[in-house]
Amino acid sequence: MKKIIVKSPAKINLYLEIINKRPDGYHNIRTLFERVSLSDKITLEAIAENKIEIFCNNPEVPADKNNLAYRAASLLKKSLGIDSGVRIKIDKSIPLSAGLGGGSSNAASVLLGLNRLWNLELGKKKLLKYARKLGADIPFFIYEKPFAFGRQRGDIIKPLLIKRVFWHILAVPDIRVSTKEIYEGCSEDLRLTKPKFNIKILTYALSKGDIYTLGSLIYNGLEAATIKKYRRVAKVLAMFRQLGIASGMSGSGSAVFGIALNKETAERIAGSLRRLKDLRVFVVRSC
């Protein structure tokens with residue numbers, strides 16, 4: 001096998017509760033991930049030279065060890081003593097620093113793709129071990145499931161048997177949010193604020209496809225810290241809520257999502273939002 005192409009999907013957090021800060025500097029969380037159809041395309045091509053090359057259509061994406069996709073390939077090479085080289089081409093569609101997990105998804109897709117390209121025959125358990133070394137959200141994408149519960153750093157994953165498909169409007173303001181800054185700016189009071197409902201109630205509503213009650217169940221413990229620093233995110237959230245749509249912020253932002261009754265409704269709402277300046281809008285589904 002000389003070349004393979006893999007999809008690298010985005011995620012949203014339907015629920016994100018901050019529990020406490022860990023000794024290693026990360027935070028313990030409880031979260032409910034949903035994988036969505038907005039995705040990057042990654043091409044992995046074997047090359048003669050024993051090195052890793054990164055190319056991306058977005059010049060803001062690093063082409064060195066600061067790129068999680070590079071680090072994923074490097075980890076496999078060093079851990080397994082692989083002498084093969086690879087060229088990684090990333091065709092970016094997922095907005096950067098928006099809480100959609102694009103970099104983490106890229107890393108997971110490289111691990112999964114190189115497992116095939118290099119005929120490594122690594123099982124999920126081994127791939128998850130590498131994923132956890134690289135970052136907190138990466139294990140979710142290794143499971144290749146639409147919904148999952150995440151705990152500790154978000155890297156201990158339990159896939160959920162939710163067979164429903166949901167349509168979403170994603171609205172991403174033209175700003176870059178630093179996850180590290182948001183967590184650091186999240187005060188003790190904010191971290192310890194408890195949601196009115198819990199993740200089990202949300203999971204039940206999702207399994208029943210009850211989008212009418214989801215608005216009161218979606219929760220993100222980082223939202224207050226993000227909207228305090230980025231008023232544009234607060235305005236987008238307000239727009240969704242004025243429309244009466246179940247909505248929330250993904251990760252540390254800036255992406256805001258709304259849940260629509262069907263594709264047609266999502267497209268109609270997205271069409272009106274696309275008239276606004278400095279806002280990227282996508283219609284996506286669970287995948």
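The values are calculated or read from the model by the stated rules, or taken from the named source; none is laboratory data. A quick note: this is a predicted structure, and the numbers were derived from the prediction, not measured. As a convention, Cβ positions derive from the backbone with ideal geometry for all residues, glycine included, and neighbour counts pool all protein chains shown. These area figures cover heavy atoms from the full protein model, side chains too; ligands, DNA and RNA do not enter into them. Shrake-Rupley method; radii C 1.70, N 1.55, O 1.52, S 1.80 Å.
Structure notes:
- For the stretch 1-54: rounded, prolate or oblate by the Cα gyration tensor [a/c cutoff 1.5]: oblate
- Amide H contacts of residue 27 (H built 1.01 Å from N, under 5 Å, at least 5 apart or other chain): 22
- Fully extending the segment from residue 164 to residue 180 would add 2.5 nm, taking 0.36 nm per residue of separation and subtracting the current Cα-Cα distance.
- Theoretical gain in end-to-end length, residue 66 to residue 151 [0.36 nm per residue, Cα-Cα removed]: 28.0 nm
- Where only DSSP H runs of four or more residues are counted, the chain gives -10000 deg cm²/dmol as its mean residue ellipticity at 222 nm, each run worth -39500 (n - 2.57).
- For residue 174, net neighbour charge (Lys/Arg +1, Asp/Glu -1) across residues whose Cβ lies under 11 Å away: +3
- Entries of 124/208; 125/200; 51/77; 77/133; 11/92 with Cα pairs more than 18 Å apart: 124/208; 125/200
- Evaluating 6.51 cos²θ - 1.76 cosθ + 1.60 at θ = phi - 60° for every residue in the stretch 3-18, the Karplus couplings come out as 8, 9, 10, 10, 7, 10, x, 8, 9, 10, 9, 6, 8, 8, 10, 8 Hz, glycine and proline recorded as x.
- Accessible surface of the chain [probe 1.4 Å, protein heavy atoms]: carbon and sulfur percent: 49 percent
- Using a Förster distance of 22 Å, the FRET efficiency for residue 275-residue 241 (Cβ separation, nearest 0.05): 0.70
- Gain on full extension, evaluated as 0.36 nm per residue between residue 87 and residue 207 minus their Cα-Cα distance, stands at 39.1 nm.
- The residues neighbouring residue 116, those whose beta-carbon lies less than 15 Å from its own, together hold a net charge of +2 under the Lys/Arg +1, Asp/Glu -1 convention.
- Rounded if a/c under 1.5, otherwise prolate or oblate - the stretch 58-152, Cα gyration tensor axes: oblate
- Cα-based shape type of the stretch 110-181, given that a ≥ b ≥ c are square roots of the gyration tensor eigenvalues and the cut on a/c is 1.5: prolate
- Couplings 3J(HN,Hα) of the stretch 126-139, computed from phi: 5, 4, 5, 4, 5, 4, 5, 5, 8, x, 6, 7, 4, x Hz, in residue order, whole Hz [Karplus 6.51 cos²θ - 1.76 cosθ + 1.60, θ = phi - 60°; x for Gly and Pro].
- Solvent exposure of the chain, expressed per residue, is 48 Å² of accessible area, with all protein chains present and a 1.4 angstrom probe.
- Per the Cα gyration tensor, the chain maps to an equivalent ellipsoid with semi-axes of 32, 21, 18 Å, ordered largest to smallest.
- Efficiency of FRET from Cβ geometry, residue 285 and residue 116, R₀ 25 Å, rounded to 0.05: 0.45
- Net +/- balance of residues flanking residue 227 in space, Cβ distance below 14 Å, scoring K and R +1, D and E -1: +4
- Over 27 Å apart at the Cα level, from the set 235/263; 7/263; 89/158; 3/65; 21/163, are 89/158; 21/163.
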